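K.L.:
Take a look at this one; I'll ask things after.
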Amino acid sequence: MAKDPVRVLVTVVAGQIGYAIVPMIARGAMLGPDQPVILHMLDIEPAAEALNGVRMELIDAAFPLLKGVVATTNAEEACKGVNIAVMVGGFPRKEGMERKDVMSKNVSIYKAQASALEKHAAEDCKVLVVANPANTNALILKKFAPSIPEKNITCLTRLDHNRALGQISERINVHVGDVKNVIIWGNHSSTQYPDVNHATVATSSGEKNVRELVADDNWLNSEFITMVQQRGAAIIKARKLSSALSAASSACDHIRDWVLGTPKGKWVSMGVYSDGSYGIQPGLIYSFPVTCEKGEWSIVQGLKIDEFSRAKLDATEQELIEEKALAYSCLN
Ligand code: NAD
Ligand code: LMR
């Protein structure tokens, strides 16, 4: 029997990531090749015409899995009954703007969108915040959508996770699909800590530790970390625009693994609310290694954290504590 359609909200589909992700969702890259979807697309009033253009293209593409489209500039209408919400819209930093000005704009956007989700989304709605500052936007959303379970509010660090897999695969010339269990700890920012201490590569003679195969701790402890931390900036420099196809694809990976489960023996990185694991302040939205089963994520427990890693986990936590304080000061 055909499955009931799942309602997926994407905010600002006329933006770069929005435009890249909607065909992926409509083709089943997010929820599987047998899962029909109804796309809810929200944009801001000045983008109404472009939004209608995207709606027209979705009709023209004749996607078999796409069972309906809601295209609107009204947040309440956009959020009605949604099961999954991918929050891409946000206010970009413009010339002359202070960090606090950008934070203040995003705090008010996420406060308003949280209220619309709180009132209209399905009870079990799963939320993924992509727009920067992603962890702190998710934190504000959590505060103003108290009836959405806190376990359902997450932010995107899967792009950083995938970037780390990609760098290892390039360095030792193995397929990216054979590398697993890197970890992104902390903030989706340049303080994030890409950790390879538990990562492995599948080889013809069994699983090998990434450190053993790379055989260059110097590179792993410096250049590799900086490369992953700065990859977003490098893409902006090269494209004059921020990453879009990789961000959209990673957002699909994030939701797919969350809803359909992670393969046995494999973990992924997700920005989730901290329960105090690994000594991280409870309540922050912090990126941890997680496994997913039956639509629920769990933080991987018991990993050994050495002194080098401890300092890095703490530094990115500190940045999130400061961002939280800044965001809360914008609420007053
Ligand atoms: P974009 O500029 O193409 O689109 C952003 C959209 O936000 C614009 O279309 C604009 O209409 C909309 N917007 C502006 N003001 C708004 C408001 N007041 N309310 C709602 N929406 C508003 O940007 P993009 O390249 O699609 O990136 C979207 C966001 O994702 C950015 O914040 C970017 O920094 C972030 N990003 C995050 C990751 C990640 O891994 N977490 C990766 C890449 C990009
Ligand atoms: C990325 O990681 O590509 C983006 O978050 C960069 C940015 O600042 O938009």
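K.L.:
Having 2 or more residues that are among the aliphatic types (A, V, I, L, M) is the bar; report the strands (runs of 3 or more DSSP E) wholly within the range 178-235 that clear it.
P.N.:
On the way: elements: 183-185, 193-195, 200-203, 206-209.
It comes to 183-185, 200-203.
K.L.:
Within the range 225-253, work out how many residues are closer than 20 Å to Ser269 by Cβ, within 9 Å of ligand 2 (Cβ to nearest atom) and not small (Gly, Ala, Ser).
P.N.:
Within the range 225-253, residues that are closer than 20 Å to Ser269 by Cβ, within 9 Å of ligand 2 (Cβ to nearest atom) and not small (Gly, Ala, Ser) number 2.
K.L.:
Same structure again: Quick check on the range 238-251. Is at least one of its residues away from ligand 1 (no atom under 16 Å from the Cβ), surrounded by 19 or more Cβ atoms within 10 Å (Cβ to Cβ) and modelled with pLDDT of 95 or more?
P.N.:
Checked against the condition, which is being away from ligand 1 (no atom under 16 Å from the Cβ), surrounded by 19 or more Cβ atoms within 10 Å (Cβ to Cβ) and modelled with pLDDT of 95 or more, the range 238-251 yields no hits at all.
K.L.:
Here is a follow-up. What pairs come up if the first residue lies in the range 147-168 and is within 12 Å of ligand 2 (Cβ to nearest atom), the second is of a type in the set (Lys, Arg), and their beta carbons are under 8 Å apart, counting only those six or more places apart or on different chains?
P.N.:
Once the first residue is within 12 Å of ligand 2 (Cβ to nearest atom) and sits in the range 147-168, its partners that are of a type in the set (Lys, Arg) give Asp160/Arg231; Arg163/Arg231.
K.L.:
Please go through the range 4-19 and give me each residue that is hydrophobic (A, V, I, L, M, F, W, C), on the phi < 0 side of the Ramachandran plot and either within 8 Å of ligand 1 (Cβ to nearest atom) or out of contact with any helix residue (DSSP H, G or I) (no Cβ under 8 Å at 6 or more places or on another chain) (or both), ordered by number.
P.N.:
Of everything in the range 4-19, those that are hydrophobic (A, V, I, L, M, F, W, C), on the phi < 0 side of the Ramachandran plot and either within 8 Å of ligand 1 (Cβ to nearest atom) or out of contact with any helix residue (DSSP H, G or I) (no Cβ under 8 Å at 6 or more places or on another chain) (or both) turn out to be Val6, Ala14, Ile17.
K.L.:
Also, quick follow-up: I'd like the residue in the range 76-97 that is within 16 Å of ligand 2 (Cβ to nearest atom) and more than 22 Å from Trp258 (Cα to Cα) and, out of all such residues, is surrounded by the most Cβ atoms within 10 Å (Cβ to Cβ). Working first, answer last.
P.N.:
Step one: of the range 76-97, the residues within 16 Å of ligand 2 (Cβ to nearest atom) are 86-95, 97.
This time we only want the ones that are more than 22 Å from Trp258 (Cα to Cα), so: 90-95, 97.
On the way: Gly90: 22, Phe91: 17, Pro92: 12, Arg93: 16, Lys94: 9, Glu95: 4, Met97: 14.
Once the filter is applied, the top-ranked residue is Gly90.
K.L.:
Related question: From the list Ile172, Ile168, which residue is away from ligand 1 (no atom under 15 Å from the Cβ), within 29 Å of Val201 (Cα to Cα) and crowded, with 23+ Cβ neighbours inside 10 Å?
P.N.:
On the way: Ile172 fails: crowded, with 23+ Cβ neighbours inside 10 Å.
One residue alone meets the criteria, Ile168.
K.L.:
Conditions: (1) more than 16 Å from ligand 2 (Cβ to nearest atom); (2) at pLDDT below 95; (3) not charged (D, E, K, R). Pro36 meets all but one. Number of the miss?
P.N.:
Of (1) more than 16 Å from ligand 2 (Cβ to nearest atom); (2) at pLDDT below 95; (3) not charged (D, E, K, R), only one is false for Pro36: (2).
K.L.:
Still on this structure, I have one more. So, in the range 20-43, exactly how many residues are assigned to a strand (DSSP E or B), surrounded by 22 or more Cβ atoms within 10 Å (Cβ to Cβ) and away from ligand 1 (no atom under 12 Å from the Cβ)?
P.N.:
So in the range 20-43, the residues assigned to a strand (DSSP E or B) come out as 37-42.
Within this subset, residues satisfying the condition of being surrounded by 22 or more Cβ atoms within 10 Å (Cβ to Cβ) are 37, 39-42.
The next check asks that each one be away from ligand 1 (no atom under 12 Å from the Cβ); those that pass are 37, 39-40.
Going through the range 20-43 one residue at a time, the tally reaches 3.
K.L.:
Oh, and also: Give Ser309, Ser269 a once-over and let me know the one that is surrounded by 15 or more Cβ atoms within 10 Å (Cβ to Cβ) and touching a His at 6+ places or on another chain (Cβ under 6 Å). I'd like the intermediate steps shown before the answer.
P.N.:
Details: Ser309 fails: touching a His at 6+ places or on another chain (Cβ under 6 Å).
Every option except Ser269 fails the conditions.
K.L.:
Across the range 205-220, which residue is surrounded by the most Cβ atoms within 10 Å (Cβ to Cβ) among those that are aliphatic (A, V, I, L, M) and in contact (Cβ under 8 Å) with a residue 12 or more places away in the chain?
P.N.:
Checking each candidate, the answer is Val210.
K.L.:
Kindly evaluate Tyr193 against the criterion of being touching a Leu at 6+ places or on another chain (Cβ under 8 Å), touching a residue at least 60 places away in the same chain (Cβ under 8 Å) and within 16 Å of ligand 1 (Cβ to nearest atom).
P.N.:
On the way: touching a Leu at 6+ places or on another chain (Cβ under 8 Å): yes; touching a residue at least 60 places away in the same chain (Cβ under 8 Å): yes; within 16 Å of ligand 1 (Cβ to nearest atom): yes.
So Tyr193 passes the test.
K.L.:
Leu260 - would you say it is more than 19 Å from the chain's Cα centre (by Cα), surrounded by 15 or more Cβ atoms within 10 Å (Cβ to Cβ) and either modelled with pLDDT under 95 or more than 12 Å from ligand 2 (Cβ to nearest atom) (or both)?
P.N.:
Values: more than 19 Å from the chain's Cα centre (by Cα): no; surrounded by 15 or more Cβ atoms within 10 Å (Cβ to Cβ): yes; either modelled with pLDDT under 95 or more than 12 Å from ligand 2 (Cβ to nearest atom) (or both): yes.
No; evaluated as a whole, the condition is false for this residue.
K.L.:
What's the total number of residues in the range 278-304 that are in a strand (DSSP E or B) and charged (D, E, K, R)? Step through it out loud before you land on a result.
P.N.:
So the first thing to find is which residues in the range 278-304 are in a strand (DSSP E or B), and the list is 285-293, 296-299.
Right, trim to charged (D, E, K, R) and you get 293, 296.
Residues in the range 278-304 being in a strand (DSSP E or B) and charged (D, E, K, R): 2 in total.
K.L.:
Let me ask another. Taking the range 206-237 as the region of interest, how many residues are modelled with pLDDT under 95 and more than 21 Å from Arg158 (Cβ to Cβ)?
P.N.:
1
K.L.:
A further question on this structure: Determine whether the range 278-298 contains at least one residue that is buried (at least 18 other Cβ atoms within 10 Å of the Cβ), more than 19 Å from the chain's Cα centre (by Cα), more than 23 Å from Leu9 (Cα to Cα) and at pLDDT 95 or above.
P.N.:
We begin by selecting, within the range 278-298, every residue buried (at least 18 other Cβ atoms within 10 Å of the Cβ); these are 278, 280, 284-292, 297.
With the extra rule that they be more than 19 Å from the chain's Cα centre (by Cα), the set shrinks to 278, 280.
Next, only the ones that are more than 23 Å from Leu9 (Cα to Cα) stay: 278, 280.
Still in the running and at pLDDT 95 or above: 278, 280.
So far as the range 278-298 goes, yes, one or more of its residues are buried (at least 18 other Cβ atoms within 10 Å of the Cβ), more than 19 Å from the chain's Cα centre (by Cα), more than 23 Å from Leu9 (Cα to Cα) and at pLDDT 95 or above.
The values are calculated or read from the model by the stated rules, or taken from the named source; none is laboratory data. Please read all numbers here as calculations on a predicted model, not as lab measurements. FYI the Cβ positions are ideal-geometry reconstructions off the backbone, even for glycines, and counts take in every protein chain you see.
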